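Trainee: Please see the structure below; I have some questions.
FYI, it's all coordinate maths here, none of it is from the lab. Being a predicted model, the structure only gives us computed values, none of them experimental. No Cβ is skipped: glycine too gets one built from the backbone with ideal geometry, and neighbour counts run over all protein chains shown.
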Amino acid sequence: MCKHILNAQVAIRAPCCKRWFDCSSCHTESTSHPLLQSYEMTFACKKCKKCFRKDAREFEDADEYCPHCDNHFVLEAKMPKAELKVESEDVRVDARMLRDERVRREEGRTVFDVKEAAEKLG
């Protein structure tokens, strides 16, 4: 899973070390050598798990799709963004995270209620 490109649809085989990476940044982080640039690129589709080759010099609009399953793999990359949000279940179903447990809620009604007992006894 690539932490640089969140919607990576293919893995790319590096021609220098013959290993698979989701992006060039992943290659740079995990190896000590620079990425060897070549026109012949080998891809592995993450949808159908089949490999195919593309020539970067003859790249056309039809080459943006996997030849086996027609998965569109040339997409605008979604990069991770820093944001602060609460990860929880749906609030409409489970509202425990919205209650403030520090505030004491009134107890439920019992057989003997202290507040009403003082008025009844006289």
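Trainee: So which GluC sites (Glu not before Pro) in region 4-74 pass both tests, a DSSP loop state and at most 10 other Cβ atoms within 10 Å of the Cβ?
Mentor: Hits after loop and neighbour filter: Glu60.
Trainee: Taking the Cβ-Cβ separation of Glu60 and Ser32 as r and a Förster radius of 25 Å, what is the calculated FRET efficiency to the nearest 0.05?
Mentor: 0.10
Trainee: Quick one: if you stick a label point 7 Å off each Cα along the C-beta vector at Phe52 and Asn7, how many nm between them?
Mentor: Placing both labels 7 Å beyond Cα along the Cβ direction yields 1.9 nm.
Trainee: Per 10 Å bin, what percent of the C-alpha pairs of region 10-72 does each bin hold, from zero upward?
Mentor: 22, 50, 26, 2
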